[in-house]
1. So which residues in segment 23-36 are crowded, with 16+ Cβ neighbours inside 10 Å and in a helix (DSSP H, G or I)?
2. Of the conditions (1) modelled with pLDDT of 85 or more; (2) on the phi > 0 side of the Ramachandran plot, VAL161 satisfies every one except a single condition; which number is it?
3. Which one of the conditions (1) surrounded by 16 or more Cβ atoms within 10 Å (Cβ to Cβ); (2) without any contact (Cβ under 8 Å) to a residue 24 or more places away in the chain does MET53 fail to meet, given that it meets all the rest?
4. Where residues in segment 126-138 are exposed (fewer than 12 other Cβ atoms within 10 Å of the Cβ) and part of a helix (DSSP H, G or I), which of them is modelled with the lowest pLDDT?
5. Given the conditions (1) surrounded by 10 or more Cβ atoms within 10 Å (Cβ to Cβ); (2) at pLDDT below 75; (3) among the β-branched types (Val, Ile, Thr), which single one is not true for VAL71?
6. Being of a type in the set (A, V, I, L, M) and touching a residue at least 60 places away in the same chain (Cβ under 8 Å): is that true of ALA59 here?
7. Being under 22 Å from ALA73 (Cβ atoms) and over 14 Å from the mean Cα position of the chain (by Cα) is the filter here; which residues of segment 32-54 pass it?
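The values are calculated or read from the model by the stated rules, or taken from the named source; none is laboratory data. For clarity, every value in this text was computed on a predicted model and none was experimentally measured. No Cβ is skipped: glycine too gets one built from the backbone with ideal geometry, and neighbour counts run over all protein chains shown.
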Amino acid sequence: MLGQGTEGSLFVDVAFWMLAISSIVAAVAVVQMQNLFRAALFLIVSFIAVAGMFVLLRAEFIAAVQVLIYVGAISVLIIFAILMTGEVERGSVAHTMRIPVAILSALFGAAAIFVAVNTNWLVLDTVLQNGSLSAATTSQIEKVFSNTIPWIGRLLVQDFVLAFEVASVVLLAAIIGALALIRER
């Protein structure tokens, strides 16, 4: 099962580079746009490109969560907040820290590129081909990578049920707080 998919095909490579470039261009546009509404639309494009990368990584559940939560909920919330403000066209006022922030961002980007280039990326297919894992471990890995949704569901309701319930209580408290703020107006 593992290693027999389309990971090495030309289509996947082209799709990855298209998604990567569109995500980077959209993220830069979010930062550079003066119009807040258009910046929010570019943010949606960046979120969708990241969801596409999750699909390429065979993480369909995380891609669906990315689309539902970030593209659906967070982006709509941001656009709603922007439309509720009065000065959408003017954007934020420029500040004096623009050059130091640009230098710090360039240093962070250079460090990220340095780490990505110099990291010895252990590819799972290479480990499986070398035979350094036992047959039971290989079988378990193939089960996990065949369909991740049942594994994530089992982990959420068995092993990490407390964290799952705490997150739901925090979200409920945020919704009640938002309703209380709106009701006071």
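1. Once the filter is applied, which keeps residues that are crowded, with 16+ Cβ neighbours inside 10 Å and in a helix (DSSP H, G or I), segment 23-36 yields SER23, ALA26, ALA27, ALA29, VAL30, LEU36.
2. Just one mismatch for VAL161, condition (2).
3. So MET53 meets the others, but not (2).
4. So, considering only residues that are exposed (fewer than 12 other Cβ atoms within 10 Å of the Cβ) and part of a helix (DSSP H, G or I), the one modelled with the lowest pLDDT is THR126.
5. (2)
6. yes
7. Hits for segment 32-54 are MET33, LEU36, PHE37, ARG38, ALA39, ALA40, LEU41, PHE42.
For every residue, the table says whether it meets (1) within 30 Å of ARG154 (Cβ to Cβ); (2) modelled with pLDDT of 85 or more; (3) touching a Leu at 6+ places or on another chain (Cβ under 6 Å).
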residue: GLY5; (1), (2), (3): yes, no, no
residue: VAL28; (1), (2), (3): no, yes, no
residue: ALA40; (1), (2), (3): no, yes, no
residue: ALA49; (1), (2), (3): yes, yes, yes
residue: ILE62; (1), (2), (3): yes, yes, no
residue: GLN66; (1), (2), (3): yes, yes, no
residue: ILE78; (1), (2), (3): no, no, no
residue: ALA81; (1), (2), (3): no, no, no
residue: PHE114; (1), (2), (3): no, yes, no
